[in-house]
Amino acid sequence: MTVVLPTPRRFVVPALAVVIASALLVANAAEPAADAPPTPRASARTPTVPPVPDGPPADLLAYIEQLADPAAMPTSRGRLRYYLRRAAGATVEATDKILAQTEPDDVLHQRALVLKLDALETLRQFGEPQAAAALAAFAESLDDVRDPALAARVRGAAVTAQVDAAVATGRPEDAAPLVARVAALLKAAPDDADLATTAADFAVKLGGMPGGESAAAAAFAAFLPEFERSGNPAVRELAERIGGTARRLSLPGNPMKLTGTVLSGAPFDQTTLAGKVVLVDFWATWCGPCVAEIANLRKEYERWHEKGFEVVGVSLDEDRDTLAQFVKAKEIPWPILYEQPGGPGWQHPLASYYGITGIPTVVLIGRDGNVITLDARGKKLGAALERLLGEPAERIGDRRP
């Protein structure tokens, strides 16, 4: 599952964006490993990072601008990444020298703050050890920034680094304090689109962690009301886009509403599933992992159907005939919900309602109609069915359709 997020900021001046865009367009089949030092043969095509000089702030800013617009163009992604990491590290060192020589109300001081934030952000994005912690510590030290735009930039940098640190622990159950803090920041700055995007990304990442559904649902519950009351249209639009994801992640322990039309054209009647264990499978014929999972679904369906197991497929295909031919060729026995999309893909009402942004996505519903888990693919499905239904009606071994 994903949320389309704005492009992360790059460090220093706009000229570097031209370097990045141009270099990433270069097709180089013999590209060196990412972040590897350039070979002697390639060094002539890789910009060098001269030592950080001593001198007044104006000279140091000129040095940083030189890093942003090198004379030599990086010719591959690997060399570009290597250069950017070294340039960002040098920028941090140079800005520290500027900050030590200037007062907080000095224009050069303010510019150095932004340059250092962006350089640390670049290092964080490239996975530089300790960069996230350094970014968070630096941002938190700037608690007296008066300029609203810079204050928002500082706030966003701190939260982004803290989110990365929280996700890196792999323990979504420990995220509650940070969720509360981000919610408080959103309440104080409801129109900050960057902060809202970071918050939404945090909730989505929690949902992608093993066992993170409840933590993600709590995050969405805390964040969405702040998004919806924002006076910024971009923030309110974000709330609409992630509302379905929030709804899906809150399903465990609650009923799932299934409506639509089966492939034959008849309306789907959810009451026919009463008292059954049901797997809802969001899929498409053009999705390789979805198609690969069908054999496993057939096996488990044949083993457990007589004990009360049912599958409901929700197809995100655009072409009905292609879908019908596939279902017939594969002899898929369970109902397939299909709606003619009103646009390119992903337009099935159920997919939109539950924020489906990646397939296959499955939802396992218990006999009582409440969702049990959003993680029941592969071997996990068989194990879950055995816990819920006991021994299968027929031991068919590994018989395949």
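Brief remarks follow.
Yes/no per residue for (1) within 30 Å of Ser214 (Cβ to Cβ); (2) modelled with pLDDT of 90 or more; (3) touching a His at 6+ places or on another chain (Cβ under 7 Å):
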position: Thr322; (1), (2), (3): no, yes, no
position: Lys328; (1), (2), (3): no, yes, no
position: Trp346; (1), (2), (3): yes, no, no
position: Lys379; (1), (2), (3): yes, yes, no
position: Ala383; (1), (2), (3): yes, yes, no
position: Gly390; (1), (2), (3): yes, no, no
position: Ala393; (1), (2), (3): no, no, no
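- Hits in segment 230-254 - residues which are under 15 Å from the mean Cα position of the chain (by Cα) and within 13 Å of Asp192 (Cα to Cα): Leu238
- Here Gly207 passes the criteria (1) under 30 Å from Glu386 (Cβ atoms); (2) part of a loop (DSSP other than H, G, I, E, B); (3) of a type outside the set (D, E, K, R) except the one numbered (2).
- Residue match in segment 289-298 (condition: under 24 Å from Met209 (Cα atoms) and either small (Gly, Ala, Ser) or in a loop (DSSP other than H, G, I, E, B) (or both)): yes
- For Glu213, the criteria (1) at pLDDT 90 or above; (2) surrounded by 23 or more Cβ atoms within 10 Å (Cβ to Cβ); (3) of a type in the set (D, E, K, R) hold in every case but one, which is (1).
- Checked against (1) within 26 Å of Thr102 (Cβ to Cβ); (2) modelled with pLDDT of 85 or more; (3) not small (Gly, Ala, Ser), Tyr83 meets all criteria but (1).
- Of residues in segment 281-300 being surrounded by 15 or more Cβ atoms within 10 Å (Cβ to Cβ) and free of Cβ contacts under 8 Å to residues at least 40 places away in the same chain, the one nearest to Val312 (Cα to Cα): Ile294
- Hey, Arg77 basic (Lys, Arg), surrounded by 14 or more Cβ atoms within 10 Å (Cβ to Cβ) and either in the same structural domain as Thr197 (by TED's automatic domain parsing) or at pLDDT 60 or above (or both) or not: yes
- Residue match in segment 80-99 (condition: touching a residue at least 40 places away in the same chain (Cβ under 8 Å) and outside any helix (DSSP H, G or I)): no
- Some residue of segment 300-310 being out of contact with any Gly (no Cβ under 6 Å at 6 or more places or on another chain) and part of a loop (DSSP other than H, G, I, E, B): yes
- Among residues of segment 103-147 being in a helix (DSSP H, G or I) and of a type in the set (Lys, Arg), the one that is farthest from the chain's Cα centre (by Cα) is Arg111.
The values are calculated or read from the model by the stated rules, or taken from the named source; none is laboratory data. Since we're looking at a predicted model, the values are computed, not measured. A quick note on method: Cβ atoms are made from the backbone with ideal geometry, for glycine too, and the neighbour counts reach across all protein chains shown.
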